[in-house]
Every structure is written in C-alpha cells, then in structure tokens.
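All remarks here apply to the structure that follows.
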Amino acid sequence: MNRRTRMSGRARKLLIGAAAAALAGGAFAVSTGMSSAGENCAGLDTALRNNLDFIAAQRSAPDALSDARIANRQAVVDLINQRRATAGCTGNAQAAPTKAPTKAPTKAAPTKAAPTKAAPTKAAGNAPGGEVVCKGSTVTLSGEGGAPAAASGTFPIGTTLKVTNLDNNKSITVKVATPSGSCVLLNNAAFEEVREAGKFLIRRAVIERVG
C-alpha cells in the first residue's frame with residue numbers, strides 16, 4: 001500500500017468522525033429545544049422557559065408517565081442553567097402561570113316531595129267515621145281484659161267510638177263498656193289493634209263518636 005492510499009484512508013476516517021459529531025450536536029439541540037448556534041441569553045432563556053412550561057403542564061395534569069417526563073426535562077433545565085451561567089445570562093426565565101382546570105357546575109339534587117300519609121286503615125268490623133270528639137286527648141290502656149272495648153268518663157256506656165292512631169294510621173271502633181276518668185281508654189285487646197310496637201300511649205289520636 002503506497003503513501004497516497006494511506007493518507008486518503010485517514011482523511012476518510014476524519015470525515016466520518018466529524019459527521020458523527022455533527023449528528024450528536026444536532027440531537028442534543030433537539031432534546032434541549034434550542035439550536036447549537038443559539039448560544040445567547042435570549043435563546044437560552046426561551047429554551048429554559050419552554051422546558052419549565054412543559055414541566056408545569058405535566059404537574060397540573062399528571063398521568064402515568066408524567067414523573068419520567070418531568071425527570072427528563074429537569075435534567076435539560078439543569079443543563080440550560082449551566083450554559084446560562086457560563087454565558088453570564090441574568091434574565092429571570094420562569095414558567096408561564098398555569099390555569100386551574102375549571103370544574104363543571106354541580107347540579108343541585110332534585111328536591112323530594114314530602115311523602116303523603118295514607119288514609120287511616122280500618123280494622124275489621126270498623127264503622128265509618130263520625131263526629132270528632134275529645135280533641136287533643138291521648139289514649140292509653142285501661143288494663144281490662146276481654147273482647148275489644150273502651151272505658152269513658154265523657155260518654156255513657158253503649159256509646160260507639162272510633163279511635164285512630166295517626167302515627168301508624170290504624171283505627172278501631174269499640175263500644176264504651178265501663179266508666180273511667182278520661183275521654184276514652186282502650187282495654188288490652190283494643191289497644192293491641194292500634195298501638196305502635198313497644199308503646200303504651202297514643203299521643204296523636206283522633207276520637208270520633210259513631211252513630
């Protein structure tokens with residue numbers, strides 16, 4: 001191999017190395033968001049601001065890859081800051097303020113109409129309603145046994161009364177069988193027909209005289 005051939009081979013290797021270096025520099029310029037020729041404070045500040053904006057956007061709306069993207073861009077930011085320090089740049093490049101995501105207006109829950117109470121249910125053998133008497137009276141037990149019956153100090157024996165418990169809408173019609181000191185007392189059998197479980201006093205009652 002003569003001397004000319006060796007020299008041309010060496011020149012060819014130098015050209016390949018220079019092309020590779022140029023490609024690497026171009027790749028770095030793309031990754032940092034600035035050109036290799038933009039080694040001035042304005043270009044460095046723009047590149048820094050663009051990367052800071054990207055990081056801020058990722059933090060405001062993160063996804064599964066946001067952490068990796070932010071770490072990558074932060075490395076670029078550190079490198080740009082080093083180059084700004086070397087170039088003597090003193091500008092205050094910051095990310096643009098991010099807007100908080102607007103929330104859709106919440107719809108007010110539909111208001112529910114108050115439940116209407118069913119009409120009083122009639123126990124077997126009850127007579128139709130009559131004249132309301134003893135308004136505001138409470139009804140309790142007389143303690144007497146036997147078939148459903150009532151005791152009263154207002155109405156004579158034999159009077160038919162209808163007692164309705166407004167708390168559960170149950171009613172019963174009974175005859176006055178014995179006297180008492182109240183408008184109406186129900187014996188055990190009658191009270192069981194209209195009372196609420198576990199309660200021995202009907203505070204909200206309607207008492208009607210029937211017939």
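The values are calculated or read from the model by the stated rules, or taken from the named source; none is laboratory data. Everything quoted here is computed from the prediction, not taken from an experiment. As a convention, Cβ positions derive from the backbone with ideal geometry for all residues, glycine included, and neighbour counts pool all protein chains shown.
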Just need a number here: residues in the stretch 138-176 that are closer than 11 Å to R209 by Cα and among the hydrophobic types (A, V, I, L, M, F, W, C). 5
Read through the list (1) at pLDDT 85 or above; (2) more than 51 Å from the chain's Cα centre (by Cα), then give the number of the only condition that G125 fails. (1)
Subset of the stretch 60-78, residues in contact (Cβ under 8 Å) with a residue 12 or more places away in the chain, in a helix (DSSP H, G or I) and surrounded by fewer than 15 Cβ atoms within 10 Å (Cβ to Cβ), comes to S60, Q74
Give the residue that is surrounded by the most Cβ atoms within 10 Å (Cβ to Cβ), with candidates limited to residues of the stretch 128-155 that are more than 55 Å from the chain's Cα centre (by Cα) and closer than 11 Å to V184 by Cα. S152
